[in-house]
1. Within region 1-124, count lysine pairs with alpha carbon atoms under 19 angstrom apart where the residues are 8 or more positions apart or belong to different chains.
2. Using +1 on the beta carbon of Lys and Arg, -1 on that of Asp and Glu, and nothing else charged, what's the dipole of the chain about the Cα centre, debye to 20?
3. Which is farthest toward the positive dipole end of the chain among 301, 276, 138, measuring Cα position about the Cα centre, with Cβ charges +1 (Lys, Arg) and -1 (Asp, Glu)?
4. By its C-alpha gyration tensor, with a ≥ b ≥ c as the square roots of the eigenvalues, how is region 1-82 shaped: rounded for a/c under 1.5, else prolate for a/b larger than b/c, else oblate?
5. Could you give the length gained on full extension between residue 230 and residue 48, defined as 0.36 nm per residue of separation minus the Cα-Cα distance, in nm?
6. Hydropathy at least 0.0 by Kyte-Doolittle, axial extent at least 24 angstrom from the Cα trace: which helices of the chain, defined as entire DSSP H runs, fit?
7. How big is the C-alpha Rg of region 1-42 next to the rule-of-thumb value 2.2 N^0.38 Å, as a ratio?
8. Could you work out, for region 188-294, what percent of all Cα-Cα pairs fall into each 10 Å distance bin, beginning at 0 Å and stopping at the bin that holds the largest distance?
Amino acid sequence: MYLEKEPYVALTYECNRKCNYCYALGLEEKFKKEMSPEDFSRLLNWLSVQGVRFVGLVGGEPTIHSKFVELIKIIEKYKLSAIISTNGLFGKEKRPGFESSSMKSVTLHIDEKPNYSKAEYSQLESNADFLSELDSELSLRYVIQSKEFNLHELIGFCNRHSIKEITFSIATPGLLGNNKYVPLKAVKEILPTALRAIEKARASGFRSALATLLPLCFFEERGFPLPLEEGKPWGKCCVNKRGEFDPSILIQPDLSFNVCLKLPINEKNILSFKNLDNAKRALKERFLKLQSKPLMKKCTGCHYFQEGECQGGCLVYKQRSLGQ
């Protein structure tokens, strides 16, 4: 868990895997290959003078950036801290980047073992061993695509590598909508599977949660307790404790930026704005307009939706016009 909503930087949308459920599938064809060290330095300077302390590194696969270790040194230069999401299939030449004192948290996004070659899984295990010996916090994230997956295998992997946190998410549409995702009507069928996995992970001593935002009625209809955040229903994204629009910004390899990687709500060069607050305001009207639309017909009569406690689930489903 982090102390602030850190901006995320997609260093590249290139990847050394082709997971069919990936939200970034196909984006490598829409953007420049990678962010240049010069642009990255300009960006971090812009962020650091605003008092930003953390920067998230995502992709694609961020470690395949040709200057990955150099970029980590730039983070050190500006005295920022990094968190990174990686598939764990990086070469040994990338390891110095993870050994940096600026690297505070690493999230391994892993698939089920049969989806790796023998060499890939060996590399994943080796890198997980390496990461487990470092001071940075190590966690695991798994994307649920169906009601069947090997939780025992995931827990075994975590136990082997001293990982104490497992986050689950449900495969949702990506920006281009060309990935394999769970249709909205099937999400309700997968919800019990996800919640049971979280319950079992917690019973095994792990911190565990569901990251995908779902309509609160999905929980009520299945007889599950509502997800809570500080005692209140958790049903809206990009909003702070005071109910104000406060998203985590995603900055693309070409310095354009989004309020969410999966939504086509974006602006051009973020450095053309005075600060992050101004950049967020440029996205606010379009985001709130989408958020205010009902996902399903029954949303219009739902007190959670009408009172602003639920936005009707993940906005990418609204964007894809599903469930209308």
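A short reminder: the numbers here are calculations on the coordinates, not readings from a lab. This structure is a prediction, so every number in the text was calculated from the model and none was measured. Note: ideal-geometry Cβ built from the backbone for every residue, glycine included; neighbour counts use all protein chains shown.
1. The result is 22.
2. For this selection, approximately 840 debye.
3. Selected residue: 301.
4. Verdict is prolate for region 1-82.
5. 62.5 nm
6. In the chain, the long hydrophobic H runs are 184-203.
7. 1.42
8. 12, 34, 29, 19, 5
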